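**Q** Dropping a structure here in structure tokens format, bear with me for questions.
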Amino acid sequence: MSGPAVIRNGGKLPLSQIPVLTVSDFRRDILDSVSKGARISALFGSPTGENIRLIAVLAWRDTGSISVLSAPVQKSYPALTPDCPQAHLFEREIFEQWHVMPEGHPWLKPVRFPDSEKTSDMGVTNFFQIEGEEIHEVAVGPVHAGIIEPGHFRFQCHGETVHHLEISLGYQHRGVERSLVNGPNSKSLHFIETLAGDTTVGHATAFSRIVESLAGIRAPARAQVIRGIALELERMANHIGDLGALAGDIGYLPTMSYCGRIRGDLLNLTAMLCGNRFGRRLVVPGGVGYDIDSENADKIAARLKSAFRDAESAIGLLWETPSVLARFENTGALSRETAVKIGLVGVAARACGLQRDVRSDFPYGIFLLSHIPAATWESGDVFARAFVRWQELQRSYKFILEQLAALPDGAVRAGENPPIASGHLAVALVEGWRGEICHVAITNNEGRFLTCKVVDPSFHNWFGLALALRGQQISDFPLCNKSFNLSYCGHDL
Amino acid sequence: MLKVSKVRLQQGYRTMKWPDGPAPEMPPHFTGRPVISGDCCNGCGDCAKVCPTGAIAVADGKISLDTGLCIFCGKCEKACSKDAIKFGNDFRLASAKREDLVVQPGNDMTPNAYSEAIHKLFGRSLKLRQVSAGGCNACEADTNVLGTLAWDLGRFGIQFVASPRHADGILVTGPVSKNMELALKKTYEAVPAPKIVIAVGACAVSGGIYCGQKETHKGVPEIIPVDLFVPGCPPHPATILDGLLRLLRK
């Protein structure tokens, strides 16, 4: 067989159609594809009898297609990372999960410390160190000063200048991927909903689309629209919260205070869809759990308009205040070239001028019919990441109002879910508020999940934060960190 | 400066009146405290079969639902052909005792959360350190929101602080991942005694959907003693605030 198997976002294919290459062809094919503009959406191991099969899922934005290729490996294979940095965390994960050694990987460190039964070993790794006169090391975490998730940060500093930041995670590891194996079952969707709780709608949508694809069903049009509304409400709530928190990190209190409250208003709108502020119970395989009646739709639209008016004035202050701009501009900048190399996604990528957005590159559901243009900015700094969020807020707002006013008729559930296909692979991409969410499922001969790979956008982007800190002041860390606002549990799974 | 003042006027005064005024309105489809009716249950056990966390037990035709394990997904309510389980609008779920979280027919009382000893120590000022130990960032977010001007936690003398040394207790979210066990213990030990522990969310109370995972514990009580249990997945901010206030009897 020649060439990789190609599917669309939300498509499936029989395992027999996935090319099985030698490791060297597999490697060459990935490097070749990446040089031609493809991006690694997922790279992982899946068990086949005694061996492990490496599977690569590559996203091609120019054609909107997804290619899948595989290669059996035994104890080791030549690492991709030295030639393709965006593979680095995937290869560390492959080593940690399957003990397959990517030979030549420059920093083969733990990703999640999955087997740290002895807790004293948790977080212990050979941190990169700089030596020299007046060089000092600052260690932060796992427990942080605010109400946020745990992670460990190691800074190598000379005076106030950070020369290197190493981020060591895994504290939130709960075994989500392992627990999805042999599913789907009554717990699967709840693991997905709580995999990164602030992205409940995004992950539940990706997972539901995987199950629908494998079961050969389609969520009705009305459900697709409700999913789209919920996804954009989730984006708006988080973006507003982030802009407020960015203002807080530089001591600009008006925007911080207002946005904290307005974020709550947006969460309450999601609660009006399903009773839960994070969208639990809303997106389910086959459709959505709750319909919106016209009275409720009108109420949501009215409250959204009022919340957006408040957001507009609160956030508008940021762009008119010189002291805010002075702190945002040229802080934590990443170049476009770096962003491409390390495979950034979402807001962080678009803030480096990259047109990367699942909604426009790999459209599905309502986004096939109603386009939300990708918002970009060129400067790659905290300002860009803030300003892209503001542009996206305006576009999501417009989209939600349009959709609420034009809900298609019909059911919101496709009926009972038939069993899922055996011996298949399915891929679903969703543009969550942080960026590309990728779910890949492989089913065994009994129609159960053999492997369920979940890639939260944070998995791609944590390294971007580490690079953004280089040459910055250590006091800029909170600001840079918030401008990425990545998920710990979405990474740790 | 003029613009800042103009925006300030536009944003208005937005701190809610509750608990002195009316409580915030819960949304449609909200799943609050479940009410179980004993008369119509035929003991079929359909509710227990669909429960993803094993929060329901049916014995002798009597349902008991552990709101500490419950993730309020509402599947049992839908599965019951006799309408024996109904999730109501009551967001007051927190309890000082773990066993009081179990709801049975005829028992629709708000569980007691008050502790006289804690009231005496911290009734006027309570400083908390937050530890997320495997939380999904939903409980964290709805705890964080209490600090915004809408809820204004500070008006009750309750505040989140940046060091355990400054704290009177810790508020924990998540099932306690094995990888956070040591950090949680160390944080607890770093808080000067007397100190309290508050477990927020199904995961922290019992492990929730992660109960039985080999990567996690079954909630905070497995590691350190808990003084207040706040159920929910995640609990509504009103549920968390209500729990804190009833603990201190403000």
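**Q** One residue is enough: does the range A:337-347 have a residue meeting the conditions within 23 Å of A:Asp249 (Cα to Cα) and free of Cβ contacts under 8 Å to residues at least 60 places away in the same chain?
**A** Looking through the range A:337-347, none of the residues is within 23 Å of A:Asp249 (Cα to Cα) and free of Cβ contacts under 8 Å to residues at least 60 places away in the same chain.
**Q** Does at least one position in the range A:252-271 carry a residue that is without any contact (Cβ under 8 Å) to a residue 12 or more places away in the chain, over 26 Å from B:Phe72 (Cα atoms) and not acidic (Asp, Glu)?
**A** yes
**Q** Residue by residue through the range A:86-107, note down the ones that are within 27 Å of the chain's Cα centre (by Cα) and exposed (fewer than 15 other Cβ atoms within 10 Å of the Cβ). Spell out how you get there, then give the answer.
**A** Of all residues in the range A:86-107, those within 27 Å of the chain's Cα centre (by Cα) come to A:86-102, A:105-107.
Hits for the range A:86-107 are A:His99, A:Pro106, A:Trp107.
**Q** Here's something else I'd like to know. Can you confirm whether the range A:477-492 contains a residue that is in a helix (DSSP H, G or I) and touching a Phe, Trp or Tyr at 6+ places or on another chain (Cβ under 6 Å)? Quick ask: steps written out before the conclusion?
**A** First, the residues of the range A:477-492 that are in a helix (DSSP H, G or I): A:477-484, A:489-492.
In the following step, the residues that additionally are touching a Phe, Trp or Tyr at 6+ places or on another chain (Cβ under 6 Å) were identified as A:491.
Yes, that holds for at least one residue.
**Q** Would you mind telling me which numbered condition in (1) in a helix (DSSP H, G or I); (2) touching a residue at least 12 places away in the same chain (Cβ under 8 Å) A:Pro408 fails?
**A** (1)
**Q** Just to be sure, is B:Cys44 of a type outside the set (Lys, Arg) and surrounded by 14 or more Cβ atoms within 10 Å (Cβ to Cβ)?
**A** Considered against the rule, which asks whether it is of a type outside the set (Lys, Arg) and surrounded by 14 or more Cβ atoms within 10 Å (Cβ to Cβ), B:Cys44 comes out as yes.
**Q** Would you mind stating whether A:Ala307 is out of contact with any Asp or Glu (no Cβ under 7 Å at 6 or more places or on another chain), within 30 Å of A:Asp409 (Cβ to Cβ) and without any contact (Cβ under 8 Å) to a residue 60 or more places away in the chain?
**A** No: the conditions fail for A:Ala307.
**Q** On the given criteria, is A:Asp83 at pLDDT below 95 and either open to solvent by less than 10 Å² (accessible area, probe 1.4 Å) or outside the structural domain of A:Ala374 (by TED's automatic domain parsing) (or both)?
**A** In short, no.
**Q** Restricting to the range B:12-50, name every residue that is among the β-branched types (Val, Ile, Thr) and within 22 Å of B:Ala84 (Cα to Cα).
**A** First pass over the range B:12-50, keeping only residues among the β-branched types (Val, Ile, Thr): B:15, B:31, B:35-36, B:50.
Hits for the range B:12-50 are B:Thr31, B:Val35, B:Ile36, B:Val50.
**Q** Say we look at the range B:2-34 and pick out the residues that are outside any loop (DSSP other than H, G, I, E, B) and open to solvent by 70 Å² or more (accessible area, probe 1.4 Å); which of these is modelled with the lowest pLDDT?
**A** Only one residue fits best here, namely B:Leu2.
**Q** Considering only the range B:36-47, I want to know if a residue exists there that is within 20 Å of A:Glu193 (Cα to Cα) and touching a residue at least 24 places away in the same chain (Cβ under 8 Å).
**A** no
**Q** Residue check: is A:Arg112 closer than 19 Å to A:Ala42 by Cβ, free of Cβ contacts under 8 Å to residues at least 40 places away in the same chain and of a type in the set (D, E, K, R)?
**A** no
**Q** Can you tell me how many residues in the range A:108-148 are more than 14 Å from chain B (Cβ to nearest Cβ) and either under 23 Å from the mean Cα position of the chain (by Cα) or surrounded by 17 or more Cβ atoms within 10 Å (Cβ to Cβ) (or both)?
**A** 2
**Q** If you take the residues in the range B:129-150 that are outside any helix (DSSP H, G or I) and surrounded by fewer than 23 Cβ atoms within 10 Å (Cβ to Cβ), which one is nearest to the chain's Cα centre (by Cα)?
**A** Restricting to residues being outside any helix (DSSP H, G or I) and surrounded by fewer than 23 Cβ atoms within 10 Å (Cβ to Cβ), the top hit is B:Ala150.
**Q** Can you give me the number of residues within the range B:168-184 that are part of a strand (DSSP E or B) and open to solvent by 10 Å² or more (accessible area, probe 1.4 Å)? Reasoning before the result, please.
**A** First pass over the range B:168-184, keeping only residues part of a strand (DSSP E or B): B:169-173, B:177.
Of the ones still in play, those that are also open to solvent by 10 Å² or more (accessible area, probe 1.4 Å) are none.
Qualifying residue count, the range B:168-184: 0.
**Q** Okay, next question. Please enumerate the residues belonging to the range A:249-299 that are at the interface with chain B (Cβ under 8 Å from one of its Cβ atoms), part of a loop (DSSP other than H, G, I, E, B) and open to solvent by 40 Å² or more (accessible area, probe 1.4 Å).
**A** Within the range A:249-299, no residue meets the criteria.
**Q** Let me ask you something else. Output the number of the condition that A:Gly380 fails; it satisfies all remaining conditions of (1) under 18 Å from the mean Cα position of the chain (by Cα); (2) part of a loop (DSSP other than H, G, I, E, B).
**A** The number of the failed condition is (1).
**Q** Sticking with this structure for a sec: Just to be sure, is A:Gly343 within 23 Å of the chain's Cα centre (by Cα), within 30 Å of A:Glu91 (Cα to Cα) and either surrounded by 22 or more Cβ atoms within 10 Å (Cβ to Cβ) or not β-branched (Val, Ile, Thr) (or both)?
**A** Numbers: within 23 Å of the chain's Cα centre (by Cα): yes; within 30 Å of A:Glu91 (Cα to Cα): yes; either surrounded by 22 or more Cβ atoms within 10 Å (Cβ to Cβ) or not β-branched (Val, Ile, Thr) (or both): yes.
For A:Gly343, the condition - within 23 Å of the chain's Cα centre (by Cα), within 30 Å of A:Glu91 (Cα to Cα) and either surrounded by 22 or more Cβ atoms within 10 Å (Cβ to Cβ) or not β-branched (Val, Ile, Thr) (or both) - is met.
**Q** Give B:Arg165, B:Arg246, B:Arg155 a once-over and let me know the one that is assigned to a helix (DSSP H, G or I), open to solvent by 10 Å² or more (accessible area, probe 1.4 Å) and within 29 Å of A:Asp121 (Cα to Cα).
**A** None of the other options fit; the residue is B:Arg165.
**Q** If you don't mind, there's one more thing I want to ask. Of all residues in the range A:1-15, how many are modelled with pLDDT of 95 or more and more than 25 Å from A:Val430 (Cα to Cα)?
**A** Final tally of qualifying residues: 0.
**Q** Does any residue in the range A:175-192 that is in contact (Cβ under 8 Å) with a residue 40 or more places away in the chain and open to solvent by 10 Å² or more (accessible area, probe 1.4 Å) come within less than 9 Å, Cβ to Cβ, of a residue that is assigned to a helix (DSSP H, G or I) and among the hydroxyl-bearing types (Ser, Thr, Tyr) six or more places away or on a different chain, and which pairs are these?
**A** A:Leu189/A:Ser208
The values are calculated or read from the model by the stated rules, or taken from the named source; none is laboratory data. Remember, predicted model here, so these are calculated numbers, not experimental data. All Cβ positions, glycine included, derive from the backbone under ideal geometry; neighbour counts span all protein chains shown. Surface areas here come from the heavy atoms of the whole protein model, side chains and all, with no ligands, DNA or RNA. Shrake-Rupley method; radii C 1.70, N 1.55, O 1.52, S 1.80 Å.
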